[in-house]
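One structure below.
The values are calculated or read from the model by the stated rules, or taken from the named source; none is laboratory data. Just so it is clear, the model here is predicted, and its values are computed rather than measured. Here the Cβ positions follow ideal geometry from the backbone for every residue, glycine too, while neighbour counts run over all protein chains shown. Note: accessible area is taken over every heavy atom of the protein model, side chains too, but ligands, DNA and RNA are not part of it. Shrake-Rupley method; radii C 1.70, N 1.55, O 1.52, S 1.80 Å.
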Amino acid sequence: MKQRTKEILELLKEEYPDAKCELNYKTPFQLLVATILSAQTTDKKVNEVTKTLFNDYPDVESFSKITQEELENRIRVIGLYRNKTKNLLMMCKQLKENFNGEVPKTIEEISSLAGAGRKTANVVISNAFNIPAIAVDTHVFRVSNRIGLADGKNVLDVEKQLQKEISKDMWSLAHHLIIFHGRRCCSAKSPKCNNCIINQYCKYYKEMTEK
């Protein structure tokens, strides 16, 4: 791992010692559902919905029996709820038909499920199965490009660049650290650059101060 990257991650570790997945779940299946629900929605809102949803429908077998109408009503407060309802019900069907009702452990297999793209797959294998992965969501994409850890035009480019830049044993933690920084400091609009603990390493900050 490059020295600059190592120093950035060490500072972020000091700043966010509690960095972890902020979605609440007890099983790989629940994490998969929560991650699909989290697209274009805050983790806080997802956790509010899944608190009762997972209590009543904790696993694939019970979840697959929920009606489309009830699931829509359960997740109505979440963005894109109609589309997510269809995907979740199809995903349960796919798990039962193709994977014996178990969440698979590879990016390719998880990505084959309805509503689950590469980001979702990375989140699940990393947090549920402790397999090193870097899920590139909107925060990771923005912060990595802004700081200069990556220079990618799409999420796959950024993921590959971060994998080269960061030691594999740090992938999963780095993902959480960058997300925490994006949510708490390096926001899309009006980032708190003057209070940022890594601004001395930041490409964006350097450009702003040189203007």
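Distance cut-off 31 Å, Cα to Cα: go down the list Lys13/Lys65; Lys26/Lys189; Lys44/Lys65; Lys45/Lys96; Lys6/Lys51 and report the pairs above it. Going by Cα-Cα distance, Lys13/Lys65; Lys26/Lys189; Lys6/Lys51 fall outside the 31 Å limit.
Would you work out which of Gly182, Ile134, Leu89 lies farthest towards the positive end of the dipole of the stretch 69-211, given +1 charges on the beta-carbon of Lys and Arg and -1 on that of Asp and Glu, about the Cα centre? Value computed over the given set: Gly182. Taking 0.36 nm per residue of separation and subtracting the Cα-Cα distance, full extension of the segment from Asn154 to Lys6 would add 50.9 nm. Take the stretch 51-175 with all the other protein chains still there, run a 1.4 Å probe, and you get 50 Å² of accessible area per residue. Using a simple spin-label model with pseudo-atoms 7 Å out from Cα toward Cβ, Lys96 and Lys26 lie 2.1 nm apart.
Counting only Cβ charges, +1 for Lys and Arg and -1 for Asp and Glu, the dipole size of the chain around its Cα centre is about 600 debye. Here Phe99 sits with roughly 40 square angstrom of accessible surface, probe radius 1.4 Å. Partner aspartates and glutamates whose Cα lies under 17 Å from the Cα of Lys203, excluding those fewer than 8 positions away in the same chain, are identified as Glu7, Asp151, Glu165.
Taking all Cα pairs closer than 8 Å and separated by 6 or more residues, the relative contact order of the chain comes to 22 percent. Taken about its Cα centre, the stretch 101-211 carries a charge dipole of about 500 debye when Lys and Arg each add +1 at the Cβ and Asp and Glu each add -1 at the Cβ. Remark: relative contact order (the stretch 131-211) = 33 percent; criterion is Cα-Cα distance under 8 angstrom and separation of 6 or more residues. Structure remark: mean-square fluctuation, Gaussian network model of the chain, C-alpha springs under 10 Å; the largest value among Asn154, Asn122, Asn145 belongs to Asn154. Between the stretch 185-211 and the stretch 58-132, how far is it from one alpha carbon centroid to the other, in angstrom? So the separation of the two Cα centres works out to 37 Å. With all pairs of different C-alpha atoms in the average, the Kirkwood value for the hydrodynamic radius of the stretch 95-211 is 15.3 Å.
By the Stokes-Einstein formula, at 1.306 mPa s and 10 °C, the chain with its Kirkwood radius over alpha-carbon pairs has D equal to 88 µm²/s. Hey, how much of the P(r) for the stretch 1-102 falls beyond 22 Å, as a percent of Cα pairs? Summing the P(r) of the stretch 1-102 above 22 Å gives 38 percent of all pairs. Largest GNM mean-square fluctuation among Thr138, Thr120, Thr50, using the chain with Cα springs under 10 Å: Thr138. Of Leu31, Phe99, Tyr204, which is farthest along the charge dipole of the chain in the positive direction, counting Lys and Arg as +1 and Asp and Glu as -1 at C-beta? Result: Tyr204, furthest along the dipole toward the positive end.
Of the Cα atoms belonging to the stretch 55-158, the radius of gyration and Dmax stand at 15.8, 47 Å.
The protection proxy used here, the mean number of other Cβ atoms lying within 10 Å of each residue, ranks peptides 174-183, 191-200 as follows, highest first: 174-183, 191-200. Would you be so kind as to identify which of Asn195, Ala19, Asn154 lies farthest towards the positive end of the dipole of the chain, taking Lys and Arg as +1 and Asp and Glu as -1 on Cβ and the Cα centre as origin? About the Cα centre, the residue reaching furthest to the positive side is Asn195. Of Pro58, Pro104, Pro17, the residue with the greatest mean-square motion in the GNM of the chain, using alpha carbon springs below 10 Å, is Pro17.
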